[in-house]
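K.L.:
After the structure tokens below, expect a handful of questions from me.
The values are calculated or read from the model by the stated rules, or taken from the named source; none is laboratory data. This structure is a prediction, so every number in the text was calculated from the model and none was measured. Here Cβ is always computed from backbone atoms with ideal geometry, including for glycine, and neighbour counts include all displayed protein chains. Calculation scope for accessible area: heavy atoms of the full protein, side chains included, ligands and nucleic acids excluded. Shrake-Rupley method; radii C 1.70, N 1.55, O 1.52, S 1.80 Å.
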Amino acid sequence: MEKHIRLLDCTLRDGGHIVQGKFGETVIKNTIERLVEAGVDIIEVGFLWDSVYGTDTARYYSIEDVKRILPKDKGKSHFSLMADFIDLEHLEPCDGTIEFIRLSFKRWRLDWGLKTARILMDKGYKVFINPVNNNVYSDKEYIEVLEKVNELHPYGFSIVDTFGVMRVNDLSHRYYLVENNLLPDITIGVHLHENLGLAYNLAQHMTQIANPTRKIVIDGSLLGMGRVPGNLCIEQIADYMNEQYNTGYALEPIYDAIDDYIAPIKAREPWGYAIPYALSAKYYLHRTYAEHLMGKQRLKTKDIQRILSQVDSSEAETFNEEYIDKLYLEYMNVKYDDKEDIIRIGDYLKKYKKILVLSPGESLKNAKDTIIAADDENTCVIAVNFVPETGADLVFLTNTKRYDSIKYKIDNSSLVITSNLMRDIDNPAAIFEYNELAYFNDEYCDDSTLMLINLLNRIGIKEISFAGFDGRKDGKLNFVDDSLDGHQDNPNRSQDIKRILTTVFKDIKKTFLTESEYM
């Protein structure tokens with residue numbers, strides 16, 4: 001007799017998003033063995049795919065592909081696969097190797113889900129219908145889906161919190177809606193995400209409110225492994241089930257699997273609760289919006305919140321890169337009339353015969369004597385987003401992350417800032433409109449040193465010396481201070497900077513005092 005509440009481990013499927021399914025055949029086999037030893041009820045061994053993959057990947061074209069990774073001793077565990085919008089007519093009839101197939105789909109692909117479910121049910125599989133993003137459905141729309149599911153009568157239906165937005169009341173509301181509108185012999189599944197750090201709390205709540213006559217399946221994964229921020233930790237919910245319901249899951253094999261296979265992956269590719277993902281959940285948005293803004297490397301969490309709060313509900317369900325970049329640029333481009341500031345800084349620089357720009361590249365570590373020799377009374381030293389050990393007359397600042405690291409090292413009267421920082425910095429020496437400095441003949445580039453060159457060019461400076469303007473070394477940016485972060489995400493960025501330096505600023509005489517790929 002089936003348990004009232006069962007656990008499904010989805011490490012090799014959802015966790016596969018972290019490594020594109022490429023765990024390695026040995027890790028796949030050993031992970032499954034440990035989960036079988038632990039007595040996990042259902043083990044999802046990966047995705048069904050529309051093409052043949054190598055043996056090191058938890059993606060399978062056929063059931064025959066799956067058989068090679070399953071242990072001889074399957075214990076009391078059952079096995080499942082998931083499919084997402086692919087043709088499965090070729091799949092073999094169920095022979096008991098894989099008992100469950102779960103179908104995941106967005107709401108506009110419901111017809112595919114129902115049609116594919118019928119095909120698989122006719123082949124003998126126990127099918128779960130898993131419409132993603134349960135929060136995007138109104139109650140009326142969700143009931144309409146449930147009516148169609150009842151007509152199909154699959155094995156299971158899952159409440160999937162794709163955006164990780166649910167709190168306790170939300171889960172209660174959605175569960176009772178399903179409980180009262182789904183046929184009583186259809187199993188209810190629950191898949192939770194960690195955006196708000198509530199997955200474990202919600203899973204416990206689910207066990208407490210579930211109708212004792214209804215079969216329930218709760219998803220989890222080893223160490224919560226899954227697309228960032230991750231899932232319910234199966235080791236937590238298994239321990240809770242043991243304590244509260246005496247279920248007898250063996251925890252040591254789970255811990256062994258985590259120690260041996262999953263923790264090393266997390267050390268390389270971290271996942272887990274992070275505030276930007278919590279903000280995406282707060283505003284009911286696709287997680288990639290927060291991830292995309294984090295990748296800008298120039299925004300603090302409060303900036304990300306301000307931008308996410310502007311996303312229209314019509315754009316929430318599916319990530320739209322062009323749309324979020326538009327909001328980002330609008331946020332960065334705070335309008336400001338900088339004519340007087342241009343005059344004031346221009347007059348200040350006229351006191352000097354030479355301009356030395358210090359960027360925070362690693363080459364500065366060994367250039368102290370060179371900088372001191374160049375910094376005479378006729379030279380104005382302008383540092384970019386940091387305060388150098390040798391000092392600076394002005395600091396040019398373009399993002400709030402860098403401001404927090406230097407605000408106790410320099411008076412604001414020495415700061416020259418872009419207009420996007422007006423919200424957070426009072427009384428700087430000068431403010432310049434962000435977009436006027438970030439565009440180069442209609443090409444956008446937010447490299448801070450390049451933006452400073454643009455400013456100096458506007459003022460009329462035609463000769464500049466540089467130190468620490470290193471560019472990349474072996475494809476990576478390196479800094480004079482290891483705490484500084486940078487754009488490591490775009491390998492073509494250096495080529496863009498080189499092109500702008502040699503075309504837009506071809507009339508500026510550039511002297512490099514330290515090694516640079518832009519020389």
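K.L.:
Could you go through the stretch 431-436 in sequence order and give the Karplus-derived ³J(HN,Hα) for each residue, using 6.51 cos²θ - 1.76 cosθ + 1.60 with θ = phi - 60°, rounded to whole Hz, and x for Gly and Pro?
P.N.:
10, 10, 4, 4, 5, 5
K.L.:
For Lys339 and Glu92, calculate 0.36 nm times their separation in residues minus their Cα-Cα distance, and state this gained length in nm to one decimal.
P.N.:
81.7 nm
K.L.:
List, in the order given, every pair from Lys126/Lys215; Lys3/Lys215; Lys106/Lys326; Lys351/Lys409 whose Cα-Cα distance in the structure shown is over 19 Å. All intermediate terms of the calculation are to be shown ahead of the outcome.
P.N.:
Details: Lys126/Lys215 14 Å; Lys3/Lys215 7 Å; Lys106/Lys326 25 Å; Lys351/Lys409 25 Å.
Checking Cα-Cα distances, Lys106/Lys326; Lys351/Lys409 exceed 19 Å.
K.L.:
Moving on to the next point. Please report the Cα spread of the stretch 66-131 along all three principal axes, rounded to whole Å, starting with the longest.
P.N.:
Here the spans come out as 41, 19, 17 Å, largest first.
K.L.:
Given H placed on each backbone N at 1.01 Å, which residues far from Thr511 in sequence or on other chains put an amide H within less than 5 Å of it?
P.N.:
Those lying under 5 Å, H to H, from Thr511 are Ile464, Ser465, Phe466.
K.L.:
Give, to the nearest whole percent, the P(r) tail of the stretch 1-61 beyond 14 angstrom, counting all Cα pairs.
P.N.:
Everything past 14 Å amounts to 56 percent.
K.L.:
As I understand it, the value is the acute angle between the Cα axis of helix 199-209 and the longest principal axis of the Cα atoms of the chain; what does it come to in degrees, rounded to 10?
P.N.:
Orientation of helix 199-209: about 30 degrees from the principal axis.
K.L.:
Let me ask you something else. Tabulate in residue order the Karplus-calculated ³J(HN,Hα) for the stretch 354-363, using 6.51 cos²θ - 1.76 cosθ + 1.60 with θ = phi - 60°, rounded to whole Hz; enter x for Gly and Pro.
P.N.:
9, 10, 10, 9, 10, 9, x, x, 4, 4
K.L.:
Identify all lysines with a Cα-Cα distance to Lys123 below 21 Å; exclude those on the same chain that are fewer than 8 residues away in sequence.
P.N.:
The reachable lysines, counting only those whose Cα sits under 21 Å from Lys123, are Lys67, Lys115, Lys148.
K.L.:
Could you derive backbone 3J(HN,Hα) for the stretch 229-240 from the dihedral phi with the Karplus parameters 6.51, -1.76 and 1.60 (θ = phi - 60°), listing whole Hz in sequence and x where the residue is Gly or Pro?
P.N.:
x, x, 10, 4, 6, 5, 5, 6, 5, 5, 5, 4
K.L.:
Binning at 20 Å from 0, report for the chain what percent of all alpha-carbon pair distances ends up in each bin.
P.N.:
With 20 Å bins starting at 0, P(r) equals 20, 41, 27, 12, 0.
K.L.:
Note the angle between two axes, namely the Cα long axis of helix 339-349 and the longest principal axis of the Cα atoms of the chain, as a number of degrees from 0 to 90, rounded to the nearest 10.
P.N.:
Result, in degrees: 60.
K.L.:
Above 19 Å lies some portion of the pair distances; for the stretch 8-107, what is it as a whole percent of all C-alpha pairs?
P.N.:
Values: 1733 of 4950 pairs.
In whole percent, the long-distance tail amounts to 35.
K.L.:
For the stretch 1-79, what's the relative contact order in percent, using C-alpha pairs closer than 8 Å and at least 6 residues apart?
P.N.:
For the stretch 1-79, the relative contact order is 36 percent.
K.L.:
No solvent, one uniform scatterer per C-alpha: report log10 I(q)/I(0) for the stretch 208-252 via the Debye equation at q = 0.20, 0.25, 0.27, 0.31 1/Å, two decimals.
P.N.:
-0.73, -0.96, -1.02, -1.10
K.L.:
Taking all protein chains together and a probe of 1.4 Å, list Lys353, Lys368 from the most accessible to the least accessible.
P.N.:
Details: Lys353 170, Lys368 95 Å².
From most accessible down to least: Lys353, Lys368.
K.L.:
Quick check of the Kirkwood formula: for the stretch 353-417, what is the inverse mean of 1/r over all pairs of different Cα atoms, in Å?
P.N.:
Hydrodynamic radius (Kirkwood, Cα pairs) of the stretch 353-417 is 12.1 Å.
K.L.:
Determine the calculated [θ] at 222 nm for the chain from helices alone, applying -39500 (n - 2.57) to every DSSP H run no shorter than 4 residues and normalising by the residue count; nearest 500 deg cm²/dmol.
P.N.:
-10500 deg cm²/dmol
K.L.:
Hey, another quick one. What are the semi-axes of the equivalent ellipsoid for the stretch 109-163, taken as the square roots of 5 times the Cα gyration tensor eigenvalues, largest first, in whole Å?
P.N.:
Values: eigenvalues 82, 27, 17 Å².
Equivalent-ellipsoid dimensions as semi-axes: 20, 12, 9 Å.
K.L.:
Quick one: grab the alpha carbon gyration tensor of the stretch 369-519, order the square roots of its eigenvalues as a ≥ b ≥ c, and give me rounded if a/c is under 1.5, else prolate or oblate depending on whether a/b is larger than b/c.
P.N.:
Rounded, because the longest to shortest axis ratio a/c is under 1.5.
K.L.:
Taking the chain as the reference, fit the longest principal axis to its C-alpha atoms, fit the long axis of helix 321-332 to the helix C-alpha atoms, and give the angle between the two in degrees, 0 to 90, nearest 10.
P.N.:
40
K.L.:
Using the Kirkwood radius over C-alpha pairs as Rh, can you work out the diffusion coefficient of the stretch 73-206 via Stokes-Einstein at 20 °C, viscosity 1.002 mPa s, in µm² per second?
P.N.:
D, rounded to a whole number, is 138 µm²/s.
K.L.:
Work out how much length Phe85 to Asn427 would gain on full extension: take 0.36 nm times their residue separation and subtract the Cα-Cα distance, in nm to one decimal. Please list the in-between numbers first.
P.N.:
On the way: separation 342, 0.36 × 342 = 123.12 nm, distance 5.55 nm.
My answer for the length gained is 117.6 nm.
K.L.:
Under 20 Å from a point 7 Å along the Cα-to-Cβ line of Glu252: which residues of the stretch 1-33 have their amide N that close?
P.N.:
Counting backbone N atoms under 20 Å from the label point, the list is 30-33.
K.L.:
Mind checking the per residue accessible area of the chain for me, 1.4 Å probe, whole number of Å²? Write down the numbers at each step before the final one.
P.N.:
Numbers: 22770 Å² over 519 residues.
Per residue, the chain has 44 Å² of solvent-accessible surface.
K.L.:
Please calculate the 1.4 Å probe accessible area of Val504, with all protein chains present, and give it to the nearest 10 Å².
P.N.:
50
K.L.:
Does the stretch 146-295 come out rounded, prolate or oblate, given a ≥ b ≥ c as the square roots of the eigenvalues of its C-alpha gyration tensor, rounded meaning a/c under 1.5 and, failing that, prolate meaning a/b above b/c? Don't skip to the end; give the middle numbers.
P.N.:
Working: a/c = 2.07, a/b = 1.23, b/c = 1.69.
In terms of gyration-tensor shape, oblate.
K.L.:
Still on this structure, I have one more. Hey, rough spin-label estimate for Asn378 and Lys115, points 7 angstrom out along Cα→Cβ, what's it come to in nanometres?
P.N.:
Placing both labels 7 Å along Cα→Cβ, they lie 7.9 nm apart.
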